[in-house]
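K.L.:
Below you will find the structure I want to go over with you.
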Amino acid sequence: MPIAIWSTRFETGIPIIDAQHKTLFDAVNRLADSFKAGTSATQAKESLDFLLKYTVEHFQTEEKFMKDMGYPKLTSHMAEHAQLVDKAKGLQARMAEGKPVTVEVTTFLADWLKHHINEVDMGYVEFAKAAARK
């Protein structure tokens, strides 16, 4: 059962952002599945590596979008992105050292993703909509 379930409430109306968000949901679910299934550490590492790489790419897309539209909260938004990337890199380091990383990590990632989209990303979405109406 997926821990990060996509719903229309996460839609921004920006096709590339929505597609990337869906991919992130899928990546979190794949990572959770690898932990739940007890797959090899190599498979879990590959899932986490993909999730981190794709997250960085997504954040770059979002940040460019926000910069191009002159979003006034870009700096704080980027700080939230940086915090998650740092956390994910810490998880990678733990895995590389052979320390346990459990399904609870994926719950954290799923919750962070849902909160970030609903609370933080929707701020730039509303800003973009207001700018388009002017």
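K.L.:
What nm value, rounded to one decimal, do you get for the distance between Met1 and Phe50 when each label is placed 7 Å out toward the C-beta?
P.N.:
It works out to 2.4 nm between the two label points.
K.L.:
Which Cα, out of His81, Val103, Gln43, lies furthest along the positive dipole direction of the chain (beta carbon charges, K/R +1, D/E -1)?
P.N.:
His81
K.L.:
What is the sum of charges, Lys and Arg at +1 and Asp and Glu at -1, for the other residues whose Cβ falls under 11 Å from the Cβ of Met66? All intermediate terms of the calculation are to be shown ahead of the outcome.
P.N.:
Details: positive: Lys64, Lys67, Lys73; negative: Glu62, Glu63, Asp68, Asp121.
Net local charge, Met66 excluded: -1.
K.L.:
Right, something else. Note the angle between two axes, namely the Cα long axis of helix 103-115 and the longest principal axis of the Cα atoms of the chain, as a number of degrees from 0 to 90, rounded to the nearest 10.
P.N.:
0
K.L.:
Here's a follow-up. Loop-only GluC sites (Glu not before Pro) in the stretch 37-134, please: DSSP not H, G, I, E or B, and at most 13 other Cβ atoms within 10 Å.
P.N.:
Those that pass, being in a loop and sparsely packed, are Glu97.
K.L.:
Still on this structure: Given the pairs Lys89/Lys129; Lys67/Lys99; Lys64/Lys99; Lys22/Lys64; Lys45/Lys67; Lys64/Lys87, which span a C-alpha to C-alpha distance of over 31 angstrom in this model? Working shown, then result.
P.N.:
Working: Lys89/Lys129 34 Å; Lys67/Lys99 38 Å; Lys64/Lys99 35 Å; Lys22/Lys64 19 Å; Lys45/Lys67 33 Å; Lys64/Lys87 22 Å.
Pairs exceeding 31 Å: Lys89/Lys129; Lys67/Lys99; Lys64/Lys99; Lys45/Lys67.
K.L.:
Each residue of the stretch 118-134 in turn: what ³J(HN,Hα) in whole Hz from Karplus with 6.51, -1.76, 1.60 and θ = phi - 60°, glycine and Pro shown as x?
P.N.:
5, 9, 9, 4, 5, x, 6, 5, 5, 4, 5, 5, 5, 5, 5, 6, 6
K.L.:
As a check on your grasp of the helix formula, calculate [θ] at 222 nm for the chain: sum -39500 (n - 2.57) over DSSP H runs of n ≥ 4, divide by the residue count, round to the nearest 500.
P.N.:
Values: 5 runs with 99 residues, N = 134.
Theoretical 222 nm ellipticity from helices: -25500 deg cm²/dmol.
K.L.:
Further question on the same structure: Roughly how tilted is helix 41-68, in degrees to the nearest 10 and between 0 and 90, from the longest Cα axis of the chain?
P.N.:
With both axes taken from Cα atoms, the answer is about 10 degrees.
K.L.:
While we're looking at this one, here's another question. What residues from the stretch 1-24 fall in the zone where the backbone N is under 17 Å from a label point 7 Å along the Cα-to-C-beta line of Gln43?
P.N.:
So the set is 1-3.
K.L.:
Report the full-extension gain for the segment Thr102 to Lys36: residue separation times 0.36 nm, less the Cα-Cα distance, to one decimal in nm. Show your work: numbers first, answer last.
P.N.:
Working: separation 66, 0.36 × 66 = 23.76 nm, distance 0.86 nm.
Taking 0.36 nm per residue and subtracting the Cα distance, the gain is 22.9 nm.
K.L.:
How large is the dipole of the chain about the Cα centre if only Lys and Arg carry +1 and Asp and Glu carry -1, each at its Cβ, rounded to the nearest 20 debye?
P.N.:
Working: 17 positive and 18 negative charges, 22 e Å.
Once rounded to the nearest 20, the dipole reads 100 debye.
The numbers here are math on the coordinates, done by the rules we state, and not lab data. Keep in mind the model is a prediction, meaning the values are calculated, not measured. Heads up, the Cβs are rebuilt from the backbone with ideal geometry, glycines too, and the neighbour counts pull from every protein chain shown.
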